[in-house]
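The values are calculated or read from the model by the stated rules, or taken from the named source; none is laboratory data. Being a predicted model, the structure only gives us computed values, none of them experimental. Ideal geometry is used to build each Cβ from the backbone, glycine not excepted, and the neighbour counts take in all protein chains shown. Ligands, DNA and RNA are stripped out before the accessible areas are found, and what is left, the full protein with its side chains, is counted by its heavy atoms. Shrake-Rupley method; radii C 1.70, N 1.55, O 1.52, S 1.80 Å.
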Amino acid sequence: MLEVEDLVVRYGQATALDGVGLRVERGEMVALVGPNGAGKTTLLNTISGLIPPAAGRYRLEGRLAQVPEGRQLFAGMTVEDNLRLGAWRVRDRDCRRIYDLFPQLGPLRRRLAGTLSGGEQQMVAVGRALMAQPDLLAVDELSLGLAPLVVDALAEHLVRLNRETGMAILLVEQNARLALELCPRAYVLEAGRIAASGSSEELSRTAAVRAAYLGGAADEAAATGIGS
Amino acid sequence: MTLFLQYAVSGIATGCTFALVATGFVVIYRVSRVVNFAQGVFAVVAGMAVSSFLSRGLPHGPAEVLAVALAALAGLVVGVIAIGRRGTPPLASLIITLGLGIGSYAVIILIWGDQPVSFTGLAGLARMGGISVQYQFLLVVAVTAVTFGLLSLFFDHTYLGKALTACSSNPYAARLVGIDVRRMGLLAFTLGGALGGLAGVLITPLQPVSFDSDVGIAINGFAAAIFGGLLRPGTALVGALVLGVAEALVAGYYRASFESGVALVVMLGLMVWQAGRRSPAAEEGA
């Protein structure tokens, strides 16, 4: 479905991605975790075709749609217009299936997207991406700035979509606990390189990953240190 | 009072042509973030083209339509040169349009010479409420009204129009959904060319144009456009009408040579005022 090999991306002199390899199989849910500035968004924007890679390659079967970090809605336009523009690459611009999926959005269809709550905006962002009828949905920081209950509800929707339609999902998250819980397989990106990969279960047992991303021993020690 | 109305009516007519030029600025700026300094050129090209077409026996109507189409093509050419390469910074594009505007003098003189050109528009006067109004004024107002109506239909009710607005609202998101922002920019330049051309076609019968008339036309259009922060066509229309009437009154009651000074003063005042109240939040609203 998605195959990334030895991908190198540079911004001027700075190397953002340094030989990244990654695979997502058809119908799979894969997590990509890592700290701020590791290159996660750069990777998504490269496979979305926005940034030309300096070296390496990626192969994509089917259509990819991205739910970008920070939602990136067309703030001054209505919910319905936002959704319809998501279908730019396809013929079918009927938003009904999105309203079926997120019944909350139906009554809001004439509202300006910028006036919605964070959770509603994230629904519009996911809905806009789904309008493109993607075979692979790349979600960048689903949980950013949202209340845990809202995140849980959205995550549930994604899992259901994945199960029911077989749409593959690449979930990029700083909240590694959430991502590893949702996705059976994961990659850890650090400073532009894949630092670890494997089943989420194994990864969450690895001491390094626990310490760095799951608020494990090291984190707790640091927290206690500040507290005392 | 009669004199005042007479001035006001002629001011509204010229204000309408400013509004068309202003909308050209706005349409291009919204999508590409480029202030197109060649905007006045489209009006000059169209005005001169109509006069050539008429002298070659083409009737009114087709001559004007063809001239507007030519201006649209000129808009596309300016667009390709200014933003054709992906990732050209808007400031560089702005300088390119400035250069193209000046360079156009050579082309215009080569084709049409350096003398002012005019042609007869709608002849005759209508009597309205005690004042006489040139039919050409009424034509200008009617065409502007129809054009604004069509533009608002296009931007608010068509998918393509909304895609153009999306490029202005969030270019990054527009690219993510697959909209080719650069091509939309070229479309905006073409539209801007047509709008400038329309202004030229309407204004040339009222005041002859020469190769360097673009500066005056562009200054008035730009002054009107920044009423709406270069982003809102509706506010630009209001600004253009205010500007047109103010200039007609200054020219009528005082001296015609101060006419174009009005636009400069208004523009300076607006810029100072807007710079004073501009907050990061206001920057966002489109």
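Give the residue that is nearest to the chain's Cα centre (by Cα), with candidates limited to residues of the range B:145-172 that are within 9 Å of chain A (Cβ to nearest Cβ) and free of Cβ contacts under 8 Å to residues at least 12 places away in the same chain.
Top of the filtered list is B:K162.
Between A:I98, A:I169, which is at pLDDT 95 or above, in contact with a strand residue (DSSP E or B) (Cβ under 9 Å, 6 or more places away or on another chain), within 19 Å of B:V177 (Cα to Cα) and buried (at least 21 other Cβ atoms within 10 Å of the Cβ)? Talk me through it step by step, then tell me what you get.
Details: A:I98 fails: in contact with a strand residue (DSSP E or B) (Cβ under 9 Å, 6 or more places away or on another chain).
Result of the check over A:I98, A:I169: A:I169.
Checking the structure you have, find out if any residue of the range B:109-116 is touching a Pro at 6+ places or on another chain (Cβ under 8 Å), of a type outside the set (D, E) and either more than 23 Å from B:A46 (Cα to Cα) or not in a helix (DSSP H, G or I) (or both).
Keep residues of the range B:109-116 that are touching a Pro at 6+ places or on another chain (Cβ under 8 Å), which gives B:116.
When the remaining residues are screened for being of a type outside the set (D, E), the result is B:116.
Of the ones still in play, those that are also either more than 23 Å from B:A46 (Cα to Cα) or not in a helix (DSSP H, G or I) (or both) are B:116.
Among the residues of the range B:109-116, at least one is touching a Pro at 6+ places or on another chain (Cβ under 8 Å), of a type outside the set (D, E) and either more than 23 Å from B:A46 (Cα to Cα) or not in a helix (DSSP H, G or I) (or both), which makes the answer yes.
Restricting attention to the range A:52-81, and to residues there that are part of a loop (DSSP other than H, G, I, E, B) and open to solvent by less than 30 Å² (accessible area, probe 1.4 Å), which single residue is nearest to the other protein chains (Cβ to nearest Cβ)?
Among those that are part of a loop (DSSP other than H, G, I, E, B) and open to solvent by less than 30 Å² (accessible area, probe 1.4 Å), it is A:F74.
Considering each of B:R182, B:R175 in turn, give the residue that is among the charged types (D, E, K, R), over 28 Å from B:A123 (Cβ atoms) and touching a residue at least 60 places away in the same chain (Cβ under 8 Å).
Numbers: B:R175 fails: touching a residue at least 60 places away in the same chain (Cβ under 8 Å).
Of B:R182, B:R175, the one residue that is among the charged types (D, E, K, R), over 28 Å from B:A123 (Cβ atoms) and touching a residue at least 60 places away in the same chain (Cβ under 8 Å) is B:R182.
Tally time: how many residues in the range B:69-90 are at pLDDT 95 or above and open to solvent by 30 Å² or more (accessible area, probe 1.4 Å)?
So the answer is 7.
Read through the list (1) open to solvent by 10 Å² or more (accessible area, probe 1.4 Å); (2) part of a helix (DSSP H, G or I); (3) touching a Ser or Thr at 6+ places or on another chain (Cβ under 9 Å), then give the number of the only condition that B:A199 fails.
Among (1) open to solvent by 10 Å² or more (accessible area, probe 1.4 Å); (2) part of a helix (DSSP H, G or I); (3) touching a Ser or Thr at 6+ places or on another chain (Cβ under 9 Å), the lone unmet condition for B:A199 is (1).
Within the range B:1-53, count every residue that is more than 13 Å from B:L191 (Cα to Cα), outside any helix (DSSP H, G or I) and open to solvent by less than 10 Å² (accessible area, probe 1.4 Å).
2
For the range A:1-33, give me the residue count where each residue is more than 14 Å from A:A186 (Cα to Cα), in contact (Cβ under 8 Å) with a residue 60 or more places away in the chain and loosely packed, with under 15 Cβ neighbours inside 10 Å.
Qualifying residue count for the region: 2.
Does at least one position in the range B:62-78 carry a residue that is in contact with a Leu (Cβ under 9 Å, 6 or more places away or on another chain), part of a loop (DSSP other than H, G, I, E, B) and farther than 23 Å from B:R183 by Cα?
no
Within the range A:176-194, count every residue that is free of Cβ contacts under 8 Å to residues at least 60 places away in the same chain and either buried (at least 21 other Cβ atoms within 10 Å of the Cβ) or touching a Leu at 6+ places or on another chain (Cβ under 9 Å) (or both).
Selection size over the range A:176-194: 2.
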